[in-house]
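Contents: one structure, followed by commentary.
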């Protein structure tokens, strides 16, 4: 079978659908190259002295791991000089990162979570990088946070890299979802799955059940119905899977179906959720919808939410369409 590289795929996709201009192709290739570097650092682990805490906190108030900081620096440095970007934003940084004046400015803006699932770094569980690409507004001079306030529907590309037994890159540019596997010997990304599709029906769910006492009634009702099994209202047995690494849970759902839930809860009623809209929810929602799935905050499509601030949080329900629709309906009608 003829092997198709990431570059060949991007070039052919442009010819077929006119959806990947040269500047966007080069940007995706640079991000993919940075993910290879992160994969190498993750793979060395303790041998590279990159495990453990950095004894600092990010803007979210979360303790940073050494690999969080390293991965953030790798992505910034890789993407500064290429001339494809006007600015970047990261979950690990308080504000945006304009491209330095010594480099040419491009027409795109990049958002990323440099290392998702970092609580799993030190125990050798699969983690990943999530990224989103949007266009800079027409006529933008010096980029500001306001320029990043674009609904997820305006993303031109989204993807994630998965650092596990194999290193993978899952990508959408608006014409389906494809998966590339890193050939470590050759150093190239090879197309290994085309047009990934999430089954509409599922019998698997992913949620942190230790928070069940804090859930709001719609989530409690839905999970209780799943746990009731064949004799319950849903009429089938469900399995629970929870890895505490969003990229890994979503990758499983892309391959065999399921629903991933990170709801808001009563611990902090003023917060609409924990996951970040622009670094995690939007890119994952684009991927899931492009694969035939559904992604909501319990009330509306995630991709329709108009961001109000850079580090905005949101509840997330995504995956197999029929189950996401069910739990979303419970939120919309209200559950006593």
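The values are calculated or read from the model by the stated rules, or taken from the named source; none is laboratory data. Being a predicted model, the structure only gives us computed values, none of them experimental. We place every Cβ from the backbone using ideal geometry, glycine too, and count neighbours over all the protein chains shown.
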* Asked: Taking residue 230 and the conditions (1) more than 30 Å from residue 10 (Cα to Cα); (2) in contact with a helix residue (DSSP H, G or I) (Cβ under 9 Å, 6 or more places away or on another chain), which numbered condition does it fall short on, given that it satisfies the others?
  -> (2)
* To do: Tell me, please, whether a residue that is without any contact (Cβ under 8 Å) to a residue 24 or more places away in the chain, assigned by TED's automatic domain parsing to the domain that holds residue 24 and exposed (fewer than 14 other Cβ atoms within 10 Å of the Cβ) can be found in the stretch 119-130.
  => yes
* Asked: Where in the stretch 246-336 are the strands (runs of 3 or more DSSP E), entirely inside, with at least 3 residues that are closer than 23 Å to residue 221 by Cβ and without any contact (Cβ under 8 Å) to a residue 60 or more places away in the chain?
  -> 294-296
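Yes or no, residue by residue, for (1) under 14 Å from the mean Cα position of the chain (by Cα); (2) over 25 Å from residue 162 (Cα atoms); (3) crowded, with 22+ Cβ neighbours inside 10 Å:
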| position | (1), (2), (3) |
| --- | --- |
| 242 | no, no, no |
| 248 | yes, no, yes |
| 253 | yes, no, yes |
| 257 | no, no, no |
| 267 | no, yes, no |
| 286 | yes, no, yes |
| 299 | no, yes, no |
| 303 | yes, no, no |
| 308 | no, yes, no |
* To do: For residue 70, indicate whether it is within 22 Å of residue 182 (Cα to Cα) and at pLDDT below 95.
  => yes
* Asked: Among (1) at pLDDT 85 or above; (2) surrounded by 17 or more Cβ atoms within 10 Å (Cβ to Cβ); (3) in contact with a helix residue (DSSP H, G or I) (Cβ under 6 Å, 6 or more places away or on another chain), which single condition is residue 76 missing?
  -> (3)
* Got a number for residues in the stretch 168-186 being assigned to a loop (DSSP other than H, G, I, E, B) and either crowded, with 24+ Cβ neighbours inside 10 Å or in contact (Cβ under 8 Å) with a residue 24 or more places away in the chain (or both)? -> 4
* Mind checking whether some residue in the stretch 230-238 is under 21 Å from the mean Cα position of the chain (by Cα), over 16 Å from residue 158 (Cα atoms) and surrounded by 18 or more Cβ atoms within 10 Å (Cβ to Cβ)? -> no
* Residues (in contact (Cβ under 8 Å) with a residue 12 or more places away in the chain and in a loop (DSSP other than H, G, I, E, B)) located in the stretch 138-147 -> 140, 142, 143, 144
* To do: Mind listing just one residue for me: the one in the stretch 36-59 that is in a loop (DSSP other than H, G, I, E, B) and surrounded by fewer than 16 Cβ atoms within 10 Å (Cβ to Cβ) and, of those, modelled with the lowest pLDDT?
  => 59
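Could you tell me whether residue 272 is in the same structural domain as residue 325 (by TED's automatic domain parsing), under 21 Å from residue 129 (Cα atoms) and touching a strand residue (DSSP E or B) at 6+ places or on another chain (Cβ under 7 Å)?
no
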* Asked: Does at least one position in the stretch 148-167 carry a residue that is free of Cβ contacts under 8 Å to residues at least 40 places away in the same chain and assigned to a loop (DSSP other than H, G, I, E, B)?
  -> yes
* **Test set (1) at pLDDT below 95; (2) assigned to a strand (DSSP E or B); (3) within 28 Å of residue 184 (Cα to Cα) - residue 120 fails condition number** => (2)
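Quick test for you: out of 15, 25, 33, pick the one residue that is exposed (fewer than 12 other Cβ atoms within 10 Å of the Cβ), in a helix (DSSP H, G or I) and at pLDDT 90 or above. Break it down stepwise before answering.
On the way: 25 fails: exposed (fewer than 12 other Cβ atoms within 10 Å of the Cβ); 33 fails: exposed (fewer than 12 other Cβ atoms within 10 Å of the Cβ).
Testing whether each residue is exposed (fewer than 12 other Cβ atoms within 10 Å of the Cβ), in a helix (DSSP H, G or I) and at pLDDT 90 or above leaves just 15.
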